[in-house]
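Peer 1: Have a look at this one.
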Amino acid sequence: MVEVRHRRVELIELFYDLIYVYAIARLTESVVDARSLEAGELARYVLAAFIILQSWLYLTNYVNRYA
């Protein structure tokens, strides 16, 4: 059975989470303002969202594993 370690959430973790929330909000806002979404714009949105979410996952994994 895996032992669960309990630790406090640091302020720097919350700060980085806030940055990623802001990035996703800005990205979504750029799509909402567009009247018609072309295929190229949709592809850029999906790619940007993937990059932002993937970097958040890597940071979260790193902080939880090595910090």
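The values are calculated or read from the model by the stated rules, or taken from the named source; none is laboratory data. Computed from a prediction, not measured in an experiment: that's the story for all the values here. Cβ: placed from backbone, ideal geometry, glycine included. Neighbour counts: every protein chain shown. Remember, those area values only see protein heavy atoms, side chains included, never the ligands or the DNA or RNA. Shrake-Rupley method; radii C 1.70, N 1.55, O 1.52, S 1.80 Å.
Peer 1: Working only within segment 32-47, note down all residues that are over 17 Å from the mean Cα position of the chain (by Cα) and assigned to a helix (DSSP H, G or I).
Peer 2: Within segment 32-47, Val32, Asp33, Ala39, Gly40, Glu41, Leu42, Ala43 qualify.
Peer 1: Take the residues in segment 1-47 that are among the small types (Gly, Ala, Ser) and surrounded by 11 or more Cβ atoms within 10 Å (Cβ to Cβ), then tell me which one is farthest from Arg65 (Cα to Cα).
Peer 2: Out of the qualifying residues, it is Ala34.
Peer 1: Still on this model: What do you reckon, is Tyr16 part of a helix (DSSP H, G or I) and in contact (Cβ under 8 Å) with a residue 40 or more places away in the chain?
Peer 2: Values: part of a helix (DSSP H, G or I): yes; in contact (Cβ under 8 Å) with a residue 40 or more places away in the chain: yes.
The answer is yes for Tyr16.
Peer 1: Answer yes if at least one residue in segment 48-66 is part of a helix (DSSP H, G or I), aliphatic (A, V, I, L, M), open to solvent by 90 Å² or more (accessible area, probe 1.4 Å) and at pLDDT below 90, and no otherwise.
Peer 2: No; the residues of segment 48-66 include none that is part of a helix (DSSP H, G or I), aliphatic (A, V, I, L, M), open to solvent by 90 Å² or more (accessible area, probe 1.4 Å) and at pLDDT below 90.
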